[in-house]
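Each reported figure results from applying straightforward, stated rules to the coordinates on display, with no laboratory input. Note that this is a predicted model, so its numbers are computed, not measured. Neighbour counts are summed over all protein chains in view; Cβ atoms, including those assigned to glycine, are modelled from backbone coordinates with ideal geometry.
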């Protein structure tokens, strides 16, 4: 599924670390070699045959290191470029590192991944292991079993397939959700617009406390802020569909007991929630509605149907199409939603530390391409008790002025919720 999506429109993502301290090119090169030894999937070749797609770990070329002398403002443009469309070669590797030097002791590291082998949490784990590897060998090789190694017994049976078929049919033939922008213009003209809000410790704490009082999650508040801003720009009462990626590492451990551990791998699925709303809906009320809807769908096991079953069903149907035809079908007729919102939560839960030898991580977050899944994509995470919110859109699908206005309205709603 991810391979077909990626070839139509990249699903790349980047983990971004702002670090303070001395760095040398040789040190980063050595760190990358140690990282590859710990996570051979990052140097995997892809083999294709009649049985499908297979990885051959550790056989590709080394992960490249790109060095740029940029100020911190220009770095944001370079980060946005890292998730624009690219064709990842089957020969690999499945990652690259850009070192953006801002001065003798200030740098930004942008570790970009091919989504076919990695998810957001995997990217954070890989950045952690890379920084550890600058000082010493980060440890023995970590195996990367696939998702199906952790599914509950009986998953994928007839009942699951019937539920999945009904879910696909309802999505394809039911009421279409509203979305901003229009898929016009040539594909090669598309570019990523990246905008970011960073809340300090005090405002982040107040956001968490206010969300809890209102019976919502932080994720629900951020989604509601963006949804209401879309509604304000769109005017009127519209159906919005939000895609919520779900981390199998946490879901499977909580619901069924198996532990996926900390390998680099693809352990993500999603749930959709639908909301009929206009810009007058109270933010706290909508945040609680979104939070409750996500929790209900998780409890019903819907994440076990989306990426594991619905994704392969859809892409098997489209397998004979070329990338351009598949992209048109997916974007304009099937995978229609208002936006996607990925929340990695507290990054320290992935054993990321602020200090790595002589280096200090001053900022850490990730950004992801929307691919054929969404016109708008947002991501959030927390590090050092500071919340980071990123909004990505694709121009000219969403024009620059609309993207700017949407971001400003969303930030104003978040700030207003915090200050109440």
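Overview of results
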item	result
Global geometry of region 2-147, whether rounded, prolate or oblate, following the gyration tensor of its Cα atoms and the 1.5 cut on a/c	oblate
Peptides 110-118, 298-306 ordered by average Cβ neighbours within 10 Å, highest first	110-118, 298-306
R0 of 35 Å, Cβ-Cβ distance residue 69-residue 190: FRET efficiency to nearest 0.05	0.80
Rounded FRET efficiency, nearest 0.05, which uses the C-beta distance separating residue 206 from residue 353 and R0 of 25 Å	0.45
Rounded if a/c under 1.5, otherwise prolate or oblate - region 308-404, Cα gyration tensor axes	prolate
Diffusion coefficient, µm² s⁻¹, Stokes-Einstein with Kirkwood Rh over alpha-carbon pairs of region 1-43 at 20 °C and 1.002 mPa s	163
Computed over region 195-318, Kirkwood Rh from alpha-carbon pairs, angstrom	16.3
For region 81-135, alpha-carbon Rg and Dmax in angstrom	12.6, 37
For region 344-395, the spread of Cα positions along each principal axis, largest first, Å	40, 19, 16
Whether the chain is rounded, prolate or oblate, judged on the alpha carbon gyration tensor where a/c under 1.5 counts as rounded	rounded
Difference of contour (0.36 nm per residue) and Cα-Cα distance, residue 323 to residue 346	4.7 nm
FRET efficiency, residue 360 to residue 54 (Cβ-Cβ, R0 51 Å, nearest 0.05)	0.80
Spatial separation of Cα centroids for region 298-319 and region 133-211, in angstrom	13
